[in-house]
Amino acid sequence: MRTISMLGGLAALMLGGSGASAGPPYATDDPEPTDRGHWEVYAFASGAQSHSNFEGAAGFDLNYGPAAGVQLTATLPIEYAADGGGRAGFGDIEMGVKYRFFQRADAGFSIAAFPRLILPTARSGFGTGRVRLLLPIWAQQDIGDWSLFGGGGYTINPGPGNRDFWQSGLALTRTVTPRLSLGAEMFHETASEVGGHGTTSVNVGGVYRLGGPFSLLFSGGPGFEHRRDGAQLNAYVALGLGF
């Protein structure tokens, strides 16, 4: 109940302005693919701080729409960590296909599958050294200026000490002005390793259209489950380019 109340309170702060955008900068994804024949490129940086430790990634998310209802995605990250020292290295490449298999445009409702293959390309101790597979389903309902989207999926996570895990998220966004949209989300992942624990976060974020093909995306918020061991604060920022 406390979690639901927090999300409701954050949403209430955004009342008052035109459907809203989904997906980045939120951890919760959406079923809307990139338009056919178009690109969406995000130069991003993200991080999570827990006590004196800080870790995150920076890189590029590349999205292309080869056909109606289909999106090809690749994520190329550089991982970094300050955990008693300092290290950085190439992260695991992600490749995915988003397929919107159901759409009722007149009702503002759609559903998509977005499987992602995570390749063991990481260096400097990042990653698991194994191929992983994320299998999620995402749905979205648009009502006027509002968008409610969410879903989740299962990650196959092989390797010694690892365990398969679930993720789920729910987000609410609103276009406040033609250039600004704001939103809030609740996102949860179960433990990904033996003896580990799940993490839950509540984030607020937005998208500000800078002009031309460029946008500024941002989100952040606290983790409130297992704060002693998990991430206490996380943040995401990106420069988006659409063409």
>> Once you place label points 7 Å from the Cα toward the Cβ at Phe243 and Asn53, how far apart are they in nm?
In response: 4.0
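How much net charge surrounds Gly108 when only the other residues with a Cβ under 12 Å from the Cβ of Gly108 are counted, with Lys and Arg +1 and Asp and Glu -1?
Here the charged neighbours net out to -3.
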>> Compute, for the chain, the length of the dipole vector about the Cα centre, with Cβ point charges of +1 (Lys, Arg) and -1 (Asp, Glu) only. Units Debye, rounded to 20.
In response: 40
> Hey, what's the Kirkwood Rh for segment 2-242 if you take every pair of different alpha carbons, in angstrom?
Replying inline: 18.5
> Okay, helix-only estimate at 222 nm for the chain: each DSSP H run of n ≥ 4 adds -39500 (n - 2.57), divide by all residues, round to 500 deg cm²/dmol; what do you get?
Replying inline: -1500 deg cm²/dmol
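No value in this document is a laboratory result; all are computed from the given coordinates. A quick note: this is a predicted structure, and the numbers were derived from the prediction, not measured. Please note: Cβ atoms are built from the backbone with ideal geometry, for glycine as well, and neighbour counts cover all protein chains shown.
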